[in-house]
């Protein structure tokens, strides 16, 4: 494992995931989310739970990078984007199940799925572009 | 390809029954404590096909990730993939907890069930799927 590259990829992925999440889910989808206001915390309550938001994105970025570093290793941005899309499909499956059990609108669940696909494809591409395995030592 | 399909079907069947047993039966009372965040049961039953499609998508994505980078590692690699994917799901639950007023107890129990689900799925997929042998020129 190339820990220096791993750390840089993890930090850049975290910054991207957090900023994209804020813009896509927090700003662009704000109106759609407000169609079901009873599902969400109030602004004040949300303010007290922001550390969980940060922690969630940190863990997400760390393990997406770990997944890439352990199993894709040296595929570059394209392989990273492919891994990101496959991970997004896992999330999309969970989104559909959530839609069946929580009173979300089709616009919300559609927005979540499209957001997941864009977010993880780009995050995967970023990780793939940055992370390179340690060069093999020859004897 | 045959093993891919068999692994997908086996993983889907397990995820479906585990989801029903754990979330539908064992966690029924805990879920009732947060009833205001869920659809009424009749409404959920009317959307049941989305649960099936979601679980099938999850199983398919699991096998695709395994086949593209983990294949050859057997059950151990399947379990490692399952653990990593569930940690990613837990990270999403942290974000959900920040935005929706779910009880902590519910999210912890759902995550425990999620780890069991993904580890067993990893065992199933790792035991069934084998990469095609390299062809000699």
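The values are calculated or read from the model by the stated rules, or taken from the named source; none is laboratory data. This one's a predicted model, so the numbers in the text were calculated from it and none came from an experiment. Heads up, the Cβs are rebuilt from the backbone with ideal geometry, glycines too, and the neighbour counts pull from every protein chain shown.
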Out of the residues in the range B:74-93 that are more than 15 Å from the chain's Cα centre (by Cα) and surrounded by fewer than 19 Cβ atoms within 10 Å (Cβ to Cβ), state the one that is farthest from residue B:39 (Cα to Cα).
B:74
Output the residue which, of all residues in the range B:21-73 that are in a loop (DSSP other than H, G, I, E, B) and touching a residue at least 12 places away in the same chain (Cβ under 8 Å), is surrounded by the most Cβ atoms within 10 Å (Cβ to Cβ).
B:71
Out of B:63, B:79, report the one residue that is in contact with a helix residue (DSSP H, G or I) (Cβ under 7 Å, 6 or more places away or on another chain), away from every other protein chain (no Cβ under 11 Å) and modelled with pLDDT of 95 or more.
B:79
Could you tell me whether any residue of the range B:94-108 is buried (at least 21 other Cβ atoms within 10 Å of the Cβ) and either under 11 Å from the mean Cα position of the chain (by Cα) or more than 7 Å from chain A (Cβ to nearest Cβ) (or both)?
no
Among helices (runs of 4 or more DSSP H) entirely inside the range A:36-119, those with 1 or more residues being more than 7 Å from chain B (Cβ to nearest Cβ) and surrounded by 17 or more Cβ atoms within 10 Å (Cβ to Cβ) are A:50-71, A:76-101
Of the candidates B:69, B:57, the one satisfying the condition of being closer than 18 Å to residue B:17 by Cβ, within 12 Å of chain A (Cβ to nearest Cβ) and out of contact with any strand residue (DSSP E or B) (no Cβ under 8 Å at 6 or more places or on another chain) is B:57
